[in-house]
Amino acid sequence: MLRKLYDWVFSLARHRHATRSLAVVSFAESSFFPIPPDVMLAPMVLARPDRAYFYATVCTVASVLGGLLGYAIGFFLEPVGMWMLAVLGKADTFEASKALFQQHGAWVILIKGLTPIPFKLITIASGIFQFNLALFVALCVITRCARFFLVAFVLKRWGEPMLAVIEKRLALFTVLFLVLLVGAVFAVKLVGH
């Protein structure tokens, strides 16, 4: 069933209302839908490289708004959020996740938001754990923007062959990005003192 859903989302990329569909998929994936918007973003950028950053912007804005819905599900409808986490196979790690969020919530959102891990896990958990909403939104903007603009940039610049390299080495690219991010934060703190 998941494969059929994946194929259906992929086919939306060729539809005349593809941009609207991209926004809907990006919104839904951040709160309840299982297929990531990259499935649509990649073929759309390959077909229209001149609109790559527009598509990345659509993904980012819709994903952040969908993230707010995921947050609201966790915050206001905790039993529904817990059920969704159970369906996704993550309810058993609730206590460990809670401790991780309490100690390193911002880093969890930044790191997990860049990876292929379903973003809805982060948004719903952020609501359940009552993570600071303003910081949550800021981190969602950073992580979603970085992810979608990276995909758009890579496909616009090098096309499909480079995307395959990134997908193979996603963990390495994520670590490199985090090292750069930590270095930037450290540098800003040094300059501020």
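The values are calculated or read from the model by the stated rules, or taken from the named source; none is laboratory data. Predicted model, so just to flag it, every value in this text is computed and none were measured. When the accessible area is computed, the model is the full protein with side chains, heavy atoms only, and any ligands, DNA or RNA have been set aside. Shrake-Rupley method; radii C 1.70, N 1.55, O 1.52, S 1.80 Å.
Using alpha carbon centroids, what distance separates the range 91-129 and the range 1-76, in Å?
What the calculation gives is 21 Å, centre to centre.
How long is the range 42-118 along each principal axis, judged by its Cα atoms, biggest number first, in Å?
That gives 46, 24, 19 Å along the principal axes, largest extent first.
Classify the range 88-140 from the C-alpha gyration tensor, please: rounded if a/c falls under 1.5, else prolate or oblate depending on whether a/b exceeds b/c.
Taking the square roots of the gyration eigenvalues as a ≥ b ≥ c, the range 88-140 is oblate.
Leaving out ligands, DNA and RNA, and with a 1.4 Å probe, what % of the accessible surface on the range 1-143 is carbon or sulfur?
Of all accessible area on the range 1-143, carbon and sulfur atoms account for 68 percent.
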